[in-house]
Amino acid sequence: MRKRLPFILLAWILADIYFYHTVETLTNNQFILWGYWLLDLLIVAGLILVIGQRRANRPPGNTIAWLMGATLLVFVPKIFALPVLLLEDITRLFRHFPPHSIWVSELAVGIGAFVFVSLLYGMTGGRHRYKVHRLTLKFPDLPAAFDGFTITQLSDIHAGSFTSKKGVEKGISLVNKQNSDLILFTGDLVNNMATEMDPWIDTFAKLKAPFGKYSVLGNHDYGDYTRWESEAAQAANLVRLKKVHKEIGFKLLLNDAVQVKKGSSSVALIGVENWGKGGFHKYGSLTKAAENVSNDEFKILMSHDPSHWEAKTLEHDKHINLALAGHTHGMQFGIELFGFQWSPVKYMYPQWAGLYQKNGKYLYVNRGFGFLGFKGRLGIWPEITVITLKKSLNGVA
């Protein structure tokens, strides 16, 4: 990120100057023109404030999130308007540079205004616009007793980002309305600190499932992205977070497995600690987690980071029928219409949202219940996943 920062700042400055001339073409109102630059100055002041807080070893709280939101609102609309302005300037090059066209400037400002309003909706209504994704998966080796068994998957709650109790309770109520047999949570309960969950323990304790609620840790749960006064303080935070899982009724699986039983039949539920490609910590061990699971058991794996699937799960000597992950959030921004999916995160994660299959093994990547950084969602809405397991009678998945 630090290497990209100079490029981002340069792009921001150039886009600002370029778009300013467009505004200047449409008005000479000094209040508007001075206000244009005032917004930039306020954001720069916010950046200086955050840097000062971090150097003083004081957590900036939600300042970073609000600052990111303001930056996106100011910067992104101009980026979307730039192609129109650039196209006009290319034509002006062959027309001896006449004055900028009023209608082109109006079109550019209109595009910017549309993007601005869309982002603003994402930061208000979008953050709690929960969407239920339902799918049915067929397996020839599923125990007959589990035919029709339902699982609700949640992921990436990020409690430290929440501000609306009503909004969160709306999501919890929608989860319970699914009446699933089992609830599985695939990591990132908090942004950094266990205390972020304190206001929400009673709310999430309302989640109900007759066959239990199970969870794993995500990369943010270890407190690796904030400064601690000591290693002991960070370790104590993780101990507290594990207790929070218990207080909201989740059985936390730490490189471990349990049997979910229905009558005389059972399926193996495996949970690994976070394991991610690149610079992410690799606390998880599928080998350790599955060591007491027999080869002939039907297996469901909870692993926060979807990169674990291709790196470790597919090649593992024990057949993992279904893996559940989260982590990507779908970058909280993208397009999902009429079967078409796109988000910038797809260039970082081959499996970033929805269902994937290889060699008879499935991976489902949840888009996340909460949000982080950008205080909202646009196009990639917060997700509640409901999976129905079916036994394939003809022996074909």
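The values are calculated or read from the model by the stated rules, or taken from the named source; none is laboratory data. Being a predicted model, the structure only gives us computed values, none of them experimental. Because the Cβ atoms are built from the backbone with ideal geometry, glycine has one as well, and the counts that use them run over all protein chains shown. For accessibility, only protein heavy atoms count, side chains too; no ligands or nucleic acids. Shrake-Rupley method; radii C 1.70, N 1.55, O 1.52, S 1.80 Å.
Just to confirm, what accessible area per residue do you get for segment 119-227 at 1.4 Å probe, in whole Å²?
Computed with neighbouring chains in place, this is 37 Å² per residue.
With every protein chain left in place, what is the accessible area of Arg95 in Å² (1.4 Å probe, nearest 10)?
Rounded to the nearest 10, that gives 120 Å².
Sorted from largest down, what three extents in whole angstroms do the Cα atoms of the chain have along their principal axes?
81, 53, 37
Less than 12 Å apart at the alpha-carbon level, and either on another chain or at least 8 residues along: which aspartates and glutamates does that give for Lys391?
Leaving aside aspartates and glutamates fewer than 8 places away in the same chain, those within reach of Lys391 are Asp141, Asp147.
How about Lys312: which aspartates and glutamates have a C-alpha closer than 20 Å to its C-alpha, ignoring those fewer than 8 places off in the same chain?
Asp256, Glu273, Glu291, Asp296, Glu297
For the chain, what is the relative contact order in percent, using Cα pairs closer than 8 Å and at least 6 residues apart in sequence? Don't jump to the answer; show the numbers that get you there.
Numbers: 749 pairs, mean separation 82.9, N = 397.
This gives 21 percent for the chain.
Below 8 Å between Cα atoms, with a sequence gap of 6+, how large is the relative contact order for segment 328-384 in percent?
It comes to 41 percent, rounded to a whole number.
At a probe size of 1.4 Å, how large is the accessible area of Glu247, to the nearest 10 Å²?
Roughly 90 Å² of Glu247 is accessible to a 1.4 Å probe.
Which of Ile320, Ile183, Ile111 moves the most in a Gaussian network model of the chain with Cα springs under 10 Å?
Most flexible of the set in this elastic network: Ile111.
Check cross-link reach from Lys390 to the lysines: straight Cα distance under 24 Å, and skip same-chain residues fewer than eight apart.
Candidates past the 8-residue exclusion: Lys131, Lys138, Lys177, Lys208, Lys213, Lys261, Lys262, Lys299, Lys318, Lys358, Lys361.
Identify, among Ile172, Pro143, Ala353, the residue whose Cα sits farthest towards the positive end of the charge dipole of the chain, taking +1 on the Cβ of Lys and Arg and -1 on the Cβ of Asp and Glu, with the dipole about the Cα centre.
It is Pro143, whose Cα lies furthest towards the positive end.
Which percent of the accessible area of segment 297-397 is formed by carbon and sulfur heavy atoms (probe 1.4 angstrom)?
Of the solvent-accessible surface of segment 297-397, carbon and sulfur hold 59 percent.
Can you tell me what percent of all Cα-Cα pairs in segment 10-55 are more than 14 Å apart?
Here the long-distance tail beyond 14 Å is 59 percent of all Cα pairs in segment 10-55.
Of Tyr349, Tyr364, Tyr130, which has the largest mean-square fluctuation in a 10 Å C-alpha GNM of the chain?
Tyr349
Which percent, to the nearest 5, of DSSP beta bridges fully inside the chain are antiparallel? Could you put the intermediate results ahead of the total?
Working: 21 of 51 bridges.
That works out to approximately 40 percent antiparallel.
For segment 285-367, what percent of Cα pairs sit more than 23 Å apart?
On the way: 857 of 3403 pairs.
Counting pairs separated by more than 23 Å, the tail of P(r) holds 25 percent.
Largest first, what is the accessible-area ranking of Lys177, Lys246 with a 1.4 Å probe?
Lys246, Lys177
For segment 189-251 and segment 67-135, what is the centre-to-centre distance using only Cα atoms, to the nearest Å?
39 Å
Mean residue ellipticity at 222 nm from the helices of the chain, using -39,500 (n - 2.57) per DSSP H segment of n ≥ 4 over the full residue count, to the nearest 500 deg cm²/dmol? Provide the component values of the computation, followed by the final result.
On the way: 8 runs with 138 residues, N = 397.
Taking each H run of at least 4 residues, the total per residue is -11500 deg cm²/dmol.
How many percent of Cα pairs in segment 122-167 exceed 11 Å?
The answer is 79 percent, as a whole percent.
Compute, for the chain, the length of the dipole vector about the Cα centre, with Cβ point charges of +1 (Lys, Arg) and -1 (Asp, Glu) only. Units Debye, rounded to 20.
520 debye
Rounded to the nearest 0.05, what FRET efficiency do Leu10 and Trp34 have when you use their Cβ-Cβ distance and R0 = 30 Å?
0.80
Could you sort Thr313, Thr91 by accessible area so the largest value comes first, with the probe set to 1.4 Å?
Thr91, Thr313
Could the peptides 154-160, 132-138, 26-32, 82-88 be put in order, highest first, of the mean number of other beta-carbon atoms found within 10 Å of their residues?
154-160, 82-88, 132-138, 26-32
Over all alpha-carbon pairs of segment 15-144, lay out the pair-distance distribution in 5 Å bins, whole %, shortest bin first.
All Cα pairs, binned at 5 Å, distribute as 2, 8, 14, 15, 14, 11, 10, 7, 6, 5, 4, 3, 2, 1, 1, 0 percent.
Treating segment 231-306 as a set of equal point scatterers at the Cα positions, no solvent, please give the Debye-formula log₁₀ I(q)/I(0) at q = 0.23, 0.26 Å⁻¹.
-1.13, -1.22
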